[in-house]
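Colleague: The structure under discussion is supplied below as structure tokens; questions concerning it will follow.
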Ligand code: AMP
């Protein structure tokens, strides 16, 4: 299938070609015609599937009727509103809007907290057609009357499940009261908890359900491995992995802000250029760290879950769980930072004896086993004494053999049935010419000991 066959305008097709996309991803192929037809859409799609373009492209196509080059703010009313859970995601989505609207005379901006509100007010007062916002900051603007949402034609809730997790539902419902009743609604979520379904039934009209990715699944393009290691040895092992594998760009997760600061500091001592990002850092510091990480100036970005949500880093080769998350869903989100757009990635977890129960929870959720590979000299022997030691011994004796992912049925609590025209597919392969930076390796080199790295879906 081609983008041309989806009925998008030539100006949008030109921008898509400039972005290097040759064909639509499954979510784009399915969602774009439905959005163009004017229906509400409720889509189950993880980040990395191309979901941003699946709502942005048809929205731009329909809003193109409002194009104008007038300098009068009255001629630039907000027509498309996209709500996102984090500042980083809002900025990222707006960057996509700009990319795809480069040949259109439509204005866009993003507003989020953690930065001064005045420049945002000035920009909103000049007028924009497309606004990307985090809920809290948007409410601030609504209270200050710096924005008027009465002409909104499209509302998109991006990563609705995260907005729910982060406690934004009351804010979102308050924002609804500023919107006109006649509008098209699009909701994107990786999972459909009861509250999301309730919200959807409250504000959407007969939505078309589309799902392309398995819920609570990790992409097949990511090789997952776990190393049993005592807490005291984690830092040394991590530095060794980064150096031995010659990892130029690695995103490392810790569970706490202080843990992130401490680890970044310790990596610097090991001559690994590292920076921590978390919610105590200013927005400017977070944006700068992210930009430098993307440019390859920072080798290791140490992040907490909140700070890393929704990050889209092209070709990120490796994610490390320095500590396992206590919620298995967070593992899926963390690992989803790599192996995006069909390109291979690696997810390494350092697992202390105390964390073994979290590993079991994760394996249950993703319905696959993560190979445990013991590295002598890292205190792994203590794991053998921890509960569940049989599994560990079996793995280490047999040369960890990953279990092939079983097919994942929708959870019983999720009752919707896709319409016949909607095909449910696995996580898509996005075809794009790989972007390789000078000196950057595509494949992750074989790791330390033992030398064989095992694909999770062998
Ligand atoms: P998203 O799921 O929206 O975060 O997108 C994940 C990545 O896929 C982004 O880096 C997009 O630039 C890229 N992408 C989106 N659509 C396509 C496409 N049709 N072909 C190739 N890459 C794409």
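Each reported figure results from applying straightforward, stated rules to the coordinates on display, with no laboratory input. All values derive from a computational prediction rather than experimental measurement. Cβ placement follows ideal geometry from the backbone for every residue including glycine, while neighbour counts extend to all protein chains displayed.
Colleague: Cα-based Rg (one decimal) and Dmax (whole number) for the stretch 203-334, in Å?
Modeller: Just the Cα atoms of the stretch 203-334 yield Rg and Dmax of 16.2, 57 Å.
Colleague: R0 = 60 Å: FRET efficiency of residue 125 with residue 246, Cβ-based, nearest 0.05?
Modeller: According to the calculation, E is roughly 0.75.
Colleague: Now a separate question. Under a crude label model (7 Å from the Cα following the beta-carbon direction), how far is residue 18 from residue 150 in nanometres?
Modeller: Computed distance between label sites residue 18 and residue 150 equals 3.5 nm.
Colleague: Per 0.36 nm of contour for each residue apart, how much would the distance between residue 74 and residue 297 grow if the chain were fully extended, relative to their Cα-Cα spacing?
Modeller: 76.0 nm
Colleague: If contacts are Cα pairs under 8 angstrom and at least 6 residues apart, what is the relative contact order of the stretch 3-211 in percent?
Modeller: In percent, rounded to a whole number, it is 28.
Colleague: What does the extension gain come out to for residue 269 and residue 4, with contour length at 0.36 nm per residue minus their alpha carbon separation?
Modeller: That pair, residue 269 and residue 4, stretches by 90.1 nm at full extension.
Colleague: Could I ask something else about it? Quick check of the Kirkwood formula: for the stretch 3-211, what is the inverse mean of 1/r over all pairs of different Cα atoms, in Å?
Modeller: Averaging 1/r across every pair of different Cα atoms and inverting gives 17.0 Å.
Colleague: Turning to a different aspect of this structure: What distance in nm lies between label points placed 7 Å from Cα along the C-beta direction at residue 201 and residue 176?
Modeller: 1.3 nm
Colleague: May I ask for the distance between the Cα centers of the stretch 178-200 and the stretch 74-138, given as a whole number of Å?
Modeller: Here the answer is 20 Å between Cα centres.
Colleague: Could you please state, rounded to a whole Å, how far the C-alpha centre of the stretch 342-371 is from the C-alpha centre of the stretch 1-62?
Modeller: Their Cα centres are 33 Å away from one another.
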